[in-house]
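**Q** Have a look at the structure that comes next, please.
We did not get these values from a lab; they are worked out from the coordinates using the rules stated. These numbers come from a predicted model, not from an experiment. Every residue, glycine as well, gets a Cβ built from its backbone with ideal geometry; the counts of neighbours run over all protein chains shown.
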Amino acid sequence: MPTPNPAALEFLLTRRSRPAKTLTTPVPTRAELAPLLEAALRSPDHGKLEPWRLLVLEEAALHRLGDAVGARAAALGLDEVQTSKGRTQFDTGHLAVAVIESPVIAEKVPAIEQTYSAGAVCLALLNAALASGWGANWLSGWPSHDAVFLQESLGLAPHERLAGLIHIGTETAAPPERPRPSIEDKVTWVSR
């Protein structure tokens, strides 16, 4: 018979991301962030390839990245709305962790499984932050998919991608609960 952990299950059944725009200071100190990062690095990882790495982006780095997004948007000829949408999380952020997918050539582990592992790191970090009482949100946006921005501003290698930016801070407002998918609509039981 398994040993249940009702508190952990209750957390997972009620967890709710906090919009990044509602996060403020204080943010976790490096010592407070360390166990959250450690929890994230315990994510499923077929072949123990560790096909990811983390960049902790403190406030000054986020603001620098906001300026870089603005410059990249101008180079791409993006309008003010697209530019603002790309910059906002950097301009208003106080702390974020960039989860970098850094795939490893492995005969027995398909690239897609390494992508899934990087996504698992994002979710594990998000949940660890929420479970620790911090507000947290997993964001992307067009800069997250722009190779020039990623290589020039975050130092990614050409084979790397940004799996997500996990913003962490003190929440100022809890969002209302939103409708969730039902088991009846999304689950099919297969007996044979």
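**Q** Could you state the angle between the C-alpha long axis of helix 30-40 and the longest principal axis of the C-alpha atoms of the chain, as a value from 0 to 90 degrees rounded to the nearest 10?
**A** Compared with the principal axis, the helix lies near 50 degrees.
**Q** If I take every Cα pair under 8 Å that is 6 or more residues apart in the chain, average their sequence separation and divide by the length, what percent do I get for the relative contact order?
**A** Over the chain, the number comes to 32 percent.
**Q** I would also like to ask the following. As a footprinting exposure proxy, order S43, S132 by other Cβ within 10 Å, with the fewest listed first. It would help to have the intermediate numbers written out before the result.
**A** Numbers: S43 19, S132 15.
With the sparsest Cβ surroundings first, the list reads S132, S43.
**Q** In percent, how large is the relative contact order of segment 9-118, given Cα pairs closer than 8 Å and 6 or more residues apart?
**A** For segment 9-118, the relative contact order is 37 percent.
**Q** Quick one: which residues, 5+ away or cross-chain, put their amide H under 5 Å from the amide H of V104? H built at 1.01 Å from N.
**A** none
**Q** Could you please rank F11, F90, placing first whichever residue has the fewest other Cβ atoms within 10 Å of its Cβ?
**A** F11, F90
**Q** Using modelled amide H (1.01 Å from N, peptide plane; none on Pro or chain starts), what sits under 5 Å from the amide H of A163, excluding residues fewer than 5 places away?
**A** Those lying under 5 Å, H to H, from A163 are V99, I100, E101.
**Q** Separate question: With charges set only on the Cβ (+1 for Lys and Arg, -1 for Asp and Glu), what does the dipole of the chain come to about its Cα centre, in debye to the nearest 20?
**A** Magnitude of the dipole: close to 360 debye.
**Q** Next question, about the same structure. Kindly identify segment 137-192 as rounded, prolate or oblate by the Cα gyration tensor criterion: order the square roots of the eigenvalues as a ≥ b ≥ c, call it rounded if a/c is under 1.5, otherwise compare a/b with b/c, prolate if a/b is larger, else oblate.
**A** Because a/c hits 1.5 or more and a/b fails to exceed b/c, segment 137-192 counts as oblate.
**Q** Between beta-carbons, use under 10 Å as the cut-off and find the net charge around A128, counting Lys and Arg +1, Asp and Glu -1. Each step should come with its number before you reach the end.
**A** Numbers: positive: R42; negative: E38.
That works out to 0.
**Q** For the chain, what is the calculated [θ] at 222 nm in deg cm²/dmol (nearest 500), taking -39500 (n - 2.57) for each run of four or more DSSP H residues and dividing by its residue count?
**A** Helices in the chain give a 222 nm mean residue ellipticity of -13500 deg cm²/dmol.
**Q** Using amide H atoms built 1.01 Å from N in the peptide plane, name the residues 5+ places from L95, or on other chains, whose amide H lies under 5 Å from its own.
**A** The answer is I168.
**Q** If you don't mind, another one. Taking the mean number of other Cβ atoms within 10 Å as a proxy for protection, how do you rank 93-99, 110-116, 50-56 from highest to lowest?
**A** Result, highest mean first: 93-99, 50-56, 110-116.
**Q** Here's another thing I want to ask about it. Please turn the phi angles of segment 162-177 into ³J(HN,Hα) values with the Karplus equation 6.51 cos²θ - 1.76 cosθ + 1.60 (θ = phi - 60°), one per residue in order, whole Hz, x for glycine and proline.
**A** Result, rounded to whole Hz: 8, 6, x, 10, 9, 7, 9, x, 8, 7, 9, 7, 8, x, x, 5.
**Q** Which ³J(HN,Hα) values, rounded to whole Hz and listed in residue order, are derived for segment 90-103 from phi using the Karplus coefficients 6.51, -1.76 and 1.60 in 6.51 cos²θ - 1.76 cosθ + 1.60 with θ = phi - 60°, glycine and proline given as x?
**A** Going residue by residue, I get 7, 5, 9, x, 10, 7, 9, 10, 8, 9, 9, 7, 10, x Hz, with x marking Gly and Pro.
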